[in-house]
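So the structure is just underneath, and the comments pick up after that.
The values are calculated or read from the model by the stated rules, or taken from the named source; none is laboratory data. All values derive from a computational prediction rather than experimental measurement. Backbone-built Cβ (ideal geometry, glycine too); neighbour counts: all protein chains shown.
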Amino acid sequence: TFTAWGNTLAEGLDRPRSLGHARAMDTASAALTSYLANLLTQRRRAPEDDLLSTLAQVELDGDTLTDRDIVGTASFILLAGFETTVNLLGAGTQVLMEHRDQFAEVSANHDLIPAMTEEALRYVSPVQYTFRTALAPIALPDGSVMPKGDTIVLMLVGANRDPAVFADPNRFDIHRENARRHLAFGFGVHHCLGAALARMEAEVAWRHLLERFPDTDAWQFAGEPVPNPGRMIHGLRSLPVRLGAAVPA
């Protein structure tokens with residue numbers, strides 16, 4: 001259920017494709033809000049060691065967060081921390097399976113997982129673009145001027161394949177020395193607040209997968225990967241894979 005809500009709302013980042021899609025987004029948003037509101041009510045009655053309980057008890061100079069504040073914050077953290085990381089893991093795993101020599105190298109040496117994660121972030125670019133607003137007139141190379149207040153579409157995927165920054169940018173290379181210069185998490189004041197969490201989630205997931213299924217030759221596609229229909233969030237809706245025999249836990 002949560003996956004369905006997340007997928008529906010993430011697709012809306014490209015704006016609704018139809019009236020039916022807009023209604024589906026409203027339904028998903030209402031369902032998620034209702035779920036979190038009910039959970040918050042439970043946590044106010046019986047706090048636990050979790051985010052909702054912590055937010056419900058926050059107080060500064062007598063001020064507390066409203067239910068709307070808490071539910072909105074929880075919704076944002078859940079969706080922002082779920083959708084992009086899932087797409088990094090799916091598309092990143094597909095790329096690894098298409099580069100068998102590097103995949104085997106990572107499986108044999110888990111110390112390479114952080115570097116592999118950075119290169120996957122650069123190569124996959126889970127968030128393809130974002131929007132900004134011109135705070136002042138901007139002179140463009142063709143001589144034209146972008147007026148103050150205009151909306152700018154920043155192609156993060158293009159920056160991550162910039163040949164002036166990355167040698168042979170269309171090549172996947174887990175040994176790329178400057179892979180961390182990617183802009184998958186944005187830049188400056190807009191740098192993703194969850195960057196450290198996303199890195200940790202991806203590294204932990206890949207580490208556990210390779211500990212349980214270390215024979216990368218046994219990893220085989222079990223069907224065609226299904227891409228996400230959206231444009232802003234890049235990744236896979238599904239990645240059918242046969243993993244081979246698992247190492248006993």
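Annotations
- Test: residue in segment 50-69 that is part of a helix (DSSP H, G or I), in contact (Cβ under 8 Å) with a residue 60 or more places away in the chain and farther than 20 Å from Glu177 by Cα: no
- Where Asp150 falls short, out of the listed (1) more than 25 Å from Asp101 (Cα to Cα); (2) surrounded by 12 or more Cβ atoms within 10 Å (Cβ to Cβ); (3) modelled with pLDDT under 95; (4) over 17 Å from the mean Cα position of the chain (by Cα): (3)
- Taken over segment 165-213, the residue count meeting the criterion of being more than 15 Å from the chain's Cα centre (by Cα), assigned to a loop (DSSP other than H, G, I, E, B) and either among the β-branched types (Val, Ile, Thr) or farther than 22 Å from Asp101 by Cα (or both) is 3.
- Matching residues, segment 67-121, being of a type in the set (S, T, N, Q) and over 15 Å from Arg199 (Cβ atoms): Thr73, Ser75, Thr93, Gln94, Gln102, Ser107, Asn109
- Of the candidates Thr85, Thr73, the single residue that is assigned to a helix (DSSP H, G or I) and farther than 30 Å from Met116 by Cβ is Thr73.
- Figure legend. Inter-residue proximity from segment 225-249: first residues without any contact (Cβ under 8 Å) to a residue 12 or more places away in the chain, second residues of a type outside the set (Asp, Glu) and assigned to a strand (DSSP E or B), beta-carbon distance below 8 Å, spacing 6+ or different chains. Indicated pairs: Pro227/Leu236; Pro227/Arg237.
- Restricting attention to segment 183-235, the residues that are touching a Ser or Thr at 6+ places or on another chain (Cβ under 6 Å) and exposed (fewer than 13 other Cβ atoms within 10 Å of the Cβ) total 1.
- Condition met for Ile152 (outside any helix (DSSP H, G or I), among the β-branched types (Val, Ile, Thr) and in contact with a helix residue (DSSP H, G or I) (Cβ under 8 Å, 6 or more places away or on another chain)): no
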